[in-house]
1. Could you please let me know if residue 133 is among the small types (Gly, Ala, Ser), outside any loop (DSSP other than H, G, I, E, B) and touching a residue at least 24 places away in the same chain (Cβ under 8 Å)?
2. Looking at segment 106-119, I want the residues that are part of a helix (DSSP H, G or I) and have a partner that is β-branched (Val, Ile, Thr) with Cβ atoms under 7 Å, at least 6 apart or on another chain. Which pairs are those?
3. Residues of segment 82-125 being of a type in the set (Ser, Thr, Tyr) and either buried (at least 20 other Cβ atoms within 10 Å of the Cβ) or touching a Leu at 6+ places or on another chain (Cβ under 7 Å) (or both), which ones?
4. Is it the case that residue 40 is assigned to a strand (DSSP E or B), modelled with pLDDT of 95 or more and under 18 Å from the mean Cα position of the chain (by Cα)?
5. Looking at 362, 323, 338, can you tell me which residue is at pLDDT below 95 and acidic (Asp, Glu)?
6. Considering only residues that are closer than 21 Å to residue 368 by Cα and assigned to a loop (DSSP other than H, G, I, E, B), which ones fall in segment 60-92?
7. Can you tell me which residue in segment 305-315 is surrounded by the most Cβ atoms within 10 Å (Cβ to Cβ), limited to those that are touching a Leu at 6+ places or on another chain (Cβ under 7 Å) and part of a strand (DSSP E or B)?
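The values are calculated or read from the model by the stated rules, or taken from the named source; none is laboratory data. Please read these numbers as outputs of a predicted model, since none were measured by experiment. Because the Cβ atoms are built from the backbone with ideal geometry, glycine has one as well, and the counts that use them run over all protein chains shown.
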Amino acid sequence: MRSSKLCASALAGALVAGSPALAATAERSNAGLLADGTTIEAVTLTNAGGISARILTYGATLQSLFAPDATGKIADIVLGQDTPADYERHPNYYGVTVGRYANRIAGGHFTLDGVGYQLPLNNGANSLHGGTAGFDKRVWLVRSISSGPVASVVLSLHSPDGDQGYPGAVDATVTYSLDEGGSLTIVFGAATTKPTIINMTNHALFNLAGDGSVDGAMAQKLTIPAAAYTPVDATLIPTGELRPVSGTAFDFRNGRVLAEALRNGHDEQIRIGRGYDHNFALDKGLTATPQLAARLEDPASGRMLEVLTTEPGLQLYTGNFLDGTSLGKNGHLYRMGDGIALEPQKFPDAPNQPGFVSARVDPGKPYRHVMVLRLTTTR
């Protein structure tokens with residue numbers, strides 16, 4: 001695969017004499033109001049290569065991510081909604097920061113140090129993405145913004161002891177940073193006053209052809225370096241098994257077009273998930289520095305996205321529950337397959353699965369997850 005041609009002329013210019021005019025920028029603005037009159041802010045990070053990310057303080061949400069294709073044409077490549085009020089009225093997790101615990105916890109219940117904790121049940125019999133009022137439905141504070149070779153914004157949130165049933169008062173941060181090489185780095189951090197569980201990620205749904213494209217995202221090619229995945233029961237809770245992907249619809253090790261097996265009714269797991277809604281056990285495991293978790297390529301536009309992470313798992317979700325009733329940006333009605341979520345994280349239901357990597361966080365030992373969205377082109 002050849003190196004990226006991502007706005008080569010602009011990037012080359014940035015290297016000449018290191019012109020300050022071509023440094024990445026961070027701009028703060030008013031994004032609109034919530035139903036109770038709360039003002040939501042937006043911070044837009046932009047680099048010289050034409051990539052820009054707009055982050056809302058509501059849910060620490062990645063509302064848009066604009067990137068050029070192989071010819072330089074720029075498009076928004078994440079699904080979302082037009083205003084903060086839309087995110088509040090019609091919560092669909094588009095681009096939000098999810099926590100305290102991303103993904104599902106069976107029965108909304110877990111035990112820590114012999115004490116049982118009950119979480120809200122907001123996904124059938126289970127708890128999903130932190131409960132009915134998770135991190136995605138909170139207003140985060142802007143702690144700092146900066147421009148320069150790397151443009152960034154730091155957001156913070158205080159979650160009190162007992163919030164949504166979780167133990168410990170937690171101070172969480174999310175830092176978005178955009179560099180001139182085309183990487184948007186998202187760093188999640190959290191410190192707790194009591195032993196607790198934390199599992200944070202970003203829930204962007206990507207379509208490298210551009211949000212609202214006629215053919216959706218399922219013609220795009222996905223690679224996941226994982227020899228095993230965690231099959232689920234009828235409520236989408238992992239069974240505890242690490243099942244080999246070899247010879248199944250879940251083998252993305254050498255890259256495959258998403259649509260190839262999306263409706264493979266012969267695979268029970270595809271039937272259960274109504275498509276892909278499964279966690280992959282990454283070959284790399286839990287790492288100190290971010291390593292490759294997924295590569296998504298759009299043959300039509302030439303855009304390529306690489307997702308890197310320090311976490312051991314990656315949830316693949318093909319928008320199976322989007323049914324045309326969800327109104328997105330620019331009046332788009334989102335349907336199944338219009339976007340793909342690639343969510344690095346601890347495994348679903350890890351607090352109840354002793355064979356999974358632990359999600360426990362203790363006082364004095366802060367949680368940290370680094371994920372990178374690296375944008376390039378394939379030609």
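1. On the way: among the small types (Gly, Ala, Ser): yes; outside any loop (DSSP other than H, G, I, E, B): no; touching a residue at least 24 places away in the same chain (Cβ under 8 Å): yes.
For residue 133, the condition - among the small types (Gly, Ala, Ser), outside any loop (DSSP other than H, G, I, E, B) and touching a residue at least 24 places away in the same chain (Cβ under 8 Å) - is not met.
2. Between residues of segment 106-119 that are part of a helix (DSSP H, G or I) and residues that are β-branched (Val, Ile, Thr), the close pairs are 106/237.
3. We begin by selecting, within segment 82-125, every residue of a type in the set (Ser, Thr, Tyr); these are 83, 87, 93-94, 97, 101, 111, 117.
Matches in segment 82-125: 87, 93, 94, 97, 101.
4. On the way: assigned to a strand (DSSP E or B): yes; modelled with pLDDT of 95 or more: yes; under 18 Å from the mean Cα position of the chain (by Cα): no.
The answer is no for residue 40.
5. On the way: 362 fails: at pLDDT below 95; 338 fails: at pLDDT below 95.
None of the others qualify; the one that does is 323.
6. From segment 60-92, those closer than 21 Å to residue 368 by Cα are 60-62; that's our starting set.
Within segment 60-92, 60 is the sole residue that qualifies.
7. 313
Yes/no per residue for (1) under 22 Å from residue 149 (Cβ atoms); (2) modelled with pLDDT of 95 or more:
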{"position": "8", "(1), (2)": "yes, no"}
{"position": "12", "(1), (2)": "yes, no"}
{"position": "17", "(1), (2)": "yes, no"}
{"position": "26", "(1), (2)": "yes, yes"}
{"position": "31", "(1), (2)": "no, yes"}
{"position": "36", "(1), (2)": "no, yes"}
{"position": "45", "(1), (2)": "yes, yes"}
{"position": "63", "(1), (2)": "no, yes"}
